[in-house]
Amino acid sequence: METTSVDRLGRVYLPKSIREKANLKPNTILEIEFSDDKIILKKKNSVVRESRGIFKLKKYLKEDIDELIEKYSYEEASEEV
């Protein structure tokens, strides 16, 4: 068993041996919970990261999204009046 400490900002350093065993890479997302006087960390899969690179985007996607937002925002605002 290894020991570590909490710094003044609440951060905990995970020893290298633990990170390697858990295959924790930089920016890995972790869920944290407290139960029965234990702090439990679990790796969480990111849908965004897992799907990166599998979608082909249109060249002018930004304008398309902006147009859709404007269109639906106008429709919703019109319904409320």
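The values are calculated or read from the model by the stated rules, or taken from the named source; none is laboratory data. Note that the structure is a prediction, hence the values are computed from the model and not measured. Cβ: placed from backbone, ideal geometry, glycine included. Neighbour counts: every protein chain shown.
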(message) Can you say whether S35 is at pLDDT below 90 and among the polar types (S, T, N, Q), as far as the supplied structure shows?
(response) no
(message) List the residue pairs whose Cβ atoms are under 8 Å apart, where the first residue sits in region 4-22 and is in contact (Cβ under 8 Å) with a residue 12 or more places away in the chain, the second is of a type in the set (D, E), and the two are 6 or more positions apart or on different chains.
(response) P15/E2; S17/E2; I18/E2
(message) Yes or no: region 48-56 includes at least one residue that is at pLDDT 75 or above and surrounded by 10 or more Cβ atoms within 10 Å (Cβ to Cβ).
(response) no
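Taking I18, is it modelled with pLDDT of 90 or more and in a strand (DSSP E or B)?
no
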